[in-house]
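Undergrad: Got a structure for you, questions after.
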Amino acid sequence: ARQTLALYRERFTAYPAFETNAQLVNALAGANSHRIALLPRDASAVSPATGELLDRWGTPYEFHAISRDALELRSAGPDRTIRTPDDLTLPLGSP
């Protein structure tokens, strides 16, 4: 996820506009102004049922847009419950 988002930002000079995980996946999969697909819709990290990007425990990532140049990526971690002490967070970009 981190590398694909960095590539998108490099290509488009900003992260995609989105409200949900699935909308972000759509932008990365080609629903963007240049119709460039950086993430295949059938990638193993994308849920076929919901279209959301999943962490290594099979839980949808939570994304928080801080600005057009900064995001926070959150994984629910091994307990698969978001916003608990074992969550993994990664800031991307610069606010």
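Undergrad: Please work out which one of (1) surrounded by 15 or more Cβ atoms within 10 Å (Cβ to Cβ); (2) within 19 Å of PRO78 (Cβ to Cβ) is the condition ASN32 fails and give its number.
TA: For ASN32, the exception is condition (2).
Undergrad: Still on this structure: Return yes or no: is LEU73 within 18 Å of ALA6 (Cα to Cα) and touching a helix residue (DSSP H, G or I) at 6+ places or on another chain (Cβ under 8 Å)?
TA: So LEU73 fits the description; yes.
Undergrad: Also, I was wondering about something else. For segment 38-61, name all the residues that are open to solvent by 70 Å² or more (accessible area, probe 1.4 Å) and in contact with a Gly (Cβ under 9 Å, 6 or more places away or on another chain).
TA: ARG41
Undergrad: Within segment 29-36, does at least one residue satisfy the condition of being touching a Pro at 6+ places or on another chain (Cβ under 7 Å), among the hydrophobic types (A, V, I, L, M, F, W, C), over 14 Å from LEU5 (Cβ atoms) and free of Cβ contacts under 8 Å to residues at least 24 places away in the same chain?
TA: no
Undergrad: Confirm whether THR84 is of a type in the set (Ser, Thr, Tyr) and on the phi < 0 side of the Ramachandran plot.
TA: Spelling it out, THR84 is indeed of a type in the set (Ser, Thr, Tyr) and on the phi < 0 side of the Ramachandran plot.
Undergrad: Considering each residue of segment 15-28, count those that are small (Gly, Ala, Ser) and open to solvent by less than 10 Å² (accessible area, probe 1.4 Å), and give that number.
TA: Residues in segment 15-28 being small (Gly, Ala, Ser) and open to solvent by less than 10 Å² (accessible area, probe 1.4 Å): 1 in total.
Undergrad: Across segment 62-73, what is the number of residues that are open to solvent by 50 Å² or more (accessible area, probe 1.4 Å) and either out of contact with any Ser or Thr (no Cβ under 9 Å at 6 or more places or on another chain) or not acidic (Asp, Glu) (or both)?
TA: 4
The values are calculated or read from the model by the stated rules, or taken from the named source; none is laboratory data. These figures come from a predicted structure and were not determined experimentally. Quick reminder, even Gly has a Cβ in these numbers, built from the backbone with ideal geometry, and neighbours come from all protein chains shown. Accessible surface areas use protein heavy atoms only, side chains included; no ligands, DNA or RNA. Shrake-Rupley method; radii C 1.70, N 1.55, O 1.52, S 1.80 Å.
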